Amino acid sequence: MPKHTERIQSLQTKLDSLLAANAVPYLHLTESQLPKEGGVYLISAKANDVITPYYVGRASSLARRLYTNHLMGNRSTARLKKYMVESGEVATMLEAKEFLRNHCSIQWLLESEYRNRGALEGFFTSVLFPKYGIAPEGRDI
C-alpha cells in the first residue's frame with residue numbers, strides 16, 4: 001500500500017475518533033476538566049437539534065486554548081468569538097461567550113507531536129468545513 005494511502009487512512013481513523021469522542025458542553029466547563037496536553041479540537045454549536053461544526057483548531061495545551069483563550073479570552077486570543085462578532089452573528093464578545101456557554105460543546109483528540117497536530121487540523125477542517133476558522137488569503141505581492 002502506498003505511503004500516502006496509509007496516511008489518508010490514518011487521518012480518517014483519527015477523524016472518526018474525534019467525532020466519537022464525548023462532546024463536553026461549555027455550559028459548566030472549568031479549565032481543570034480539560035487536558036493540559038496538546039491536541040486537535042472541534043467546537044460545535046447545536047440549534048434546533050442540528051449540530052454545526054463551528055471551529056477546528058490545535059493547541060500545545062488544550063486546557064489553555066479551549067478555556068483560557070476561546071471561552072475567557074479577549075479579542076486577540078479568542079478567535080472564534082472574534083469571528084462571530086465580525087460576521088454579525090453576535091454583537092459583542094460577551095454575547096459570543098454566552099453563545100459558547102449555551103450552545104457549544106467541544107471534542108478533542110490528544111496528539112503530542114506538533115506536525116501531526118497541524119496535519120490533523122488541516123484534514124479535519126477540509127472534511128468538516130467549519131463555519132469559522134477558514135480565513136481569506138492575504139494580498140498577493
Would segment 36-49 turn up any residue that is under 15 Å from Arg101 (Cα atoms), modelled with pLDDT under 95, not charged (D, E, K, R) and not in a loop (DSSP other than H, G, I, E, B)?
yes
Enumeration of residues in segment 54-83 that are part of a strand (DSSP E or B) and more than 13 Å from Ser44 (Cα to Cα):
Arg58, Ala59
Among the residues in segment 94-101, are any in contact with a helix residue (DSSP H, G or I) (Cβ under 6 Å, 6 or more places away or on another chain) and among the basic types (Lys, Arg)?
no
Got a sec? Which of Thr125, Thr92 is hydroxyl-bearing (Ser, Thr, Tyr), at pLDDT 95 or above and in contact with a strand residue (DSSP E or B) (Cβ under 9 Å, 6 or more places away or on another chain)?
Thr125
For segment 92-141, give me the residue count where each residue is of a type in the set (Lys, Arg) and either touching a Gly at 6+ places or on another chain (Cβ under 8 Å) or assigned to a helix (DSSP H, G or I) (or both).
4
Select from segment 41-87 the residues that are of a type in the set (A, V, I, L, M, F, W, C), buried (at least 17 other Cβ atoms within 10 Å of the Cβ) and farther than 17 Å from Gln107 by Cβ and list them in ascending order.
Ala78, Met84, Val85
Please find, among Ala45, Ala20, the residue that is aliphatic (A, V, I, L, M), under 22 Å from Phe123 (Cα atoms) and out of contact with any helix residue (DSSP H, G or I) (no Cβ under 9 Å at 6 or more places or on another chain).
Ala20
Answer yes or no as to whether Ser126 is touching an Asp or Glu at 6+ places or on another chain (Cβ under 8 Å), surrounded by fewer than 17 Cβ atoms within 10 Å (Cβ to Cβ) and under 30 Å from Ile8 (Cβ atoms).
no
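The values are calculated or read from the model by the stated rules, or taken from the named source; none is laboratory data. Just so you know, these numbers come straight off a predicted model, no measurement behind them. For neighbour counting, all protein chains shown are included, and Cβ atoms are generated from backbone atoms with ideal geometry for every residue, glycine included.
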